[in-house]
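Undergrad: Before I ask anything, here is the structure I am working with.
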Amino acid sequence: MRKVTHYISLLIVTILVVACGGGGGGGTAASGGTTGFSQTYTASAAAGELLTYSIDTSALTYTYTITKSSYGCDVVSAPCHAGTGTLIRNGDGTFSPSNSTGSKIFALQNGLLVGSVRVLLNGTTQTIPIIGVANPITTTTALAGAYNFISLQCSGRTYGAFTGCSTSWGTVSVASNGTYTTCASADISAPSHSCASTTSGTLTSLGGGVWQFQSTSPILGASSNYLLAFTAPNGQNVAVIDFNDSSVYGYGQSIMSSEVATTTGALVGNYAWSNDYGQSGVVTLNANSTTSAGLTITQNSPWNGIATVSGGSVGPGYGIIAGNGVYVYRNPNISTPYFELGMRMQ
């Protein structure tokens, strides 16, 4: 993770994070967990907002409240502070907000949520991807470990328009005392490695499973970057960082997953996704490591938990395997930046 003005974005032409349910837990929850429950998630929006999102799959309703904001949406009187609405149940196991029938939401009870919200930012209503966790990690001991990351970071507040953005990938080491070190484009766990850039800093609990993620080196960063994390049924940690930092990390979002080797069998299935264009759909990962979008995934390359993604018209890229079925896709070669979040449905 590094400041957006230093990215070598042409070398990272396609980013895909694919998910594994792991241990059978993700598949069971996905097939039976989308109906008949209500759950509140702490969520990050790709525009750089933190929110609570509640879904009731029996009453077919949702509500959200923005709690941390780059744009003043955390102020109770702000028109973008909160929203509510009804849901339409889709035949593929997803839900669509009644005011945005082209969007899809997919949720696991006591697990993860992927979808989108429509938020009024700077006078314009934007459809923004979100990823949320229920029962987030609350101790540094549980957070400690080595992670892979892929991030979308923008040079300024863009009100959901995602301009001036680029991507980065690499690894993060989190110590049990809450300190962290990032390493761009290399495996920080390897005995010999060469990071394209590094930052280090501290994680400070703000309560309720929300962590302040603040750089202390090479310079002091903003105190308004927030981390959420969840332990999946397979034991992997999945973390989301919400960036709101003009001096170090920029504005945007990063997905992190425990750095562990993956297997093809854990990937197979259908994934619900939403993007920053306000579009949603379902993509399939096949047993031969190809996708219904025509891409090929080579796992654990160049290191454990990272995959090389090839076959697209824009060239090869990299992916992370994330517990409980989360993926994110980033393609910086489209003229308007493209960012896609998804989650395994089976």
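Undergrad: When only residues in the range 106-115 that are within 21 Å of Lys68 (Cβ to Cβ) and either among the hydrophobic types (A, V, I, L, M, F, W, C) or at pLDDT 85 or above (or both) count, which is nearest to the chain's Cα centre (by Cα)? Give the steps one after another, and end with the answer.
TA: Step one: of the range 106-115, the residues within 21 Å of Lys68 (Cβ to Cβ) are 112-115.
Pick out the ones that are also either among the hydrophobic types (A, V, I, L, M, F, W, C) or at pLDDT 85 or above (or both) and you get 112-114.
Values: Leu112: 11, Leu113: 10, Val114: 9 Å.
Among residues in the range 106-115 that are within 21 Å of Lys68 (Cβ to Cβ) and either among the hydrophobic types (A, V, I, L, M, F, W, C) or at pLDDT 85 or above (or both), the one nearest to the chain's Cα centre (by Cα) is Val114.
Undergrad: Would you tally the residues in the range 199-242 being among the polar types (S, T, N, Q) and without any contact (Cβ under 8 Å) to a residue 60 or more places away in the chain?
TA: Result for the range 199-242: 10.
Undergrad: Give me the pairs, please: first residue somewhere in the range 111-127 and over 22 Å from Gln39 (Cα atoms), second residue anywhere and aliphatic (A, V, I, L, M) and in a loop (DSSP other than H, G, I, E, B), beta-carbon distance under 9 Å, and either six or more positions apart or on two chains.
TA: Correct list of pairs: Leu120/Ala78; Leu121/Ala47; Leu121/Ala161; Asn122/Ala161; Thr124/Ala161; Gln126/Ala47; Gln126/Ala161.
Undergrad: Which residue is farthest from Leu227 (Cα to Cα), if the candidates are limited to the range 66-102 and must be touching a Cys at 6+ places or on another chain (Cβ under 6 Å) and part of a loop (DSSP other than H, G, I, E, B)? Step through it out loud before you land on a result.
TA: Of the range 66-102, the ones touching a Cys at 6+ places or on another chain (Cβ under 6 Å) are 66, 73, 80-81.
In the following step, the residues that additionally are part of a loop (DSSP other than H, G, I, E, B) were identified as 73, 80-81.
Numbers: Cys73: 18, Cys80: 22, His81: 20 Å.
The residue in question is Cys80.
Undergrad: From the list Val268, Val248, Val260, which residue is more than 24 Å from Asp187 (Cβ to Cβ) and more than 15 Å from the chain's Cα centre (by Cα)? Walk me through how you get there before you give the answer.
TA: Values: Val248 fails: more than 24 Å from Asp187 (Cβ to Cβ); Val260 fails: more than 24 Å from Asp187 (Cβ to Cβ).
Exactly one residue qualifies, and that residue is Val268.
Undergrad: Test Ser176 against the stated conditions and say whether it is part of a loop (DSSP other than H, G, I, E, B), without any contact (Cβ under 8 Å) to a residue 60 or more places away in the chain and in contact with a Leu (Cβ under 9 Å, 6 or more places away or on another chain).
TA: Yes; evaluated as a whole, the condition is true for this residue.
Undergrad: Which number in (1) in contact with a Cys (Cβ under 8 Å, 6 or more places away or on another chain); (2) within 16 Å of Tyr271 (Cα to Cα) marks the one condition that Phe106 misses?
TA: (1)
Undergrad: Could you identify the single residue in Asn244, Asn304, Asn270, Asn300 that is part of a strand (DSSP E or B), at pLDDT 85 or above and under 25 Å from Val172 (Cβ atoms)? Let's see the steps before the verdict.
TA: Numbers: Asn304 fails: part of a strand (DSSP E or B); Asn270 fails: under 25 Å from Val172 (Cβ atoms); Asn300 fails: part of a strand (DSSP E or B).
Going through Asn244, Asn304, Asn270, Asn300 in turn, just one is part of a strand (DSSP E or B), at pLDDT 85 or above and under 25 Å from Val172 (Cβ atoms): Asn244.
Undergrad: Mind listing whichever residues of the range 76-87 are within 14 Å of Ile105 (Cβ to Cβ) and surrounded by 15 or more Cβ atoms within 10 Å (Cβ to Cβ)?
TA: Within the range 76-87, Gly83, Gly85, Leu87 meet the criteria.
Undergrad: Here's a follow-up. Only one of these conditions is not met by Ser189: (1) assigned to a strand (DSSP E or B); (2) closer than 30 Å to Trp303 by Cα; (3) among the hydroxyl-bearing types (Ser, Thr, Tyr). Which number is it?
TA: (1)
Undergrad: Exactly one condition in (1) in contact with a Phe, Trp or Tyr (Cβ under 8 Å, 6 or more places away or on another chain); (2) not assigned by TED's automatic domain parsing to the domain that holds Gly156 is not met by Phe230; state its number.
TA: Of the numbered conditions (1) in contact with a Phe, Trp or Tyr (Cβ under 8 Å, 6 or more places away or on another chain); (2) not assigned by TED's automatic domain parsing to the domain that holds Gly156, the odd one out for Phe230 is (1).
Undergrad: Identify the residue in the range 36-84 that is at positive phi and in contact with a strand residue (DSSP E or B) (Cβ under 8 Å, 6 or more places away or on another chain) and, among all such residues, is modelled with the highest pLDDT.
TA: My answer is Leu60.
Undergrad: Checking Thr182 against (1) within 18 Å of the chain's Cα centre (by Cα); (2) hydroxyl-bearing (Ser, Thr, Tyr); (3) at pLDDT below 95: exactly one of these is not met. Which one?
TA: (3)
The values are calculated or read from the model by the stated rules, or taken from the named source; none is laboratory data. Note that the structure is a prediction, hence the values are computed from the model and not measured. Ideal geometry is used to build each Cβ from the backbone, glycine not excepted, and the neighbour counts take in all protein chains shown.
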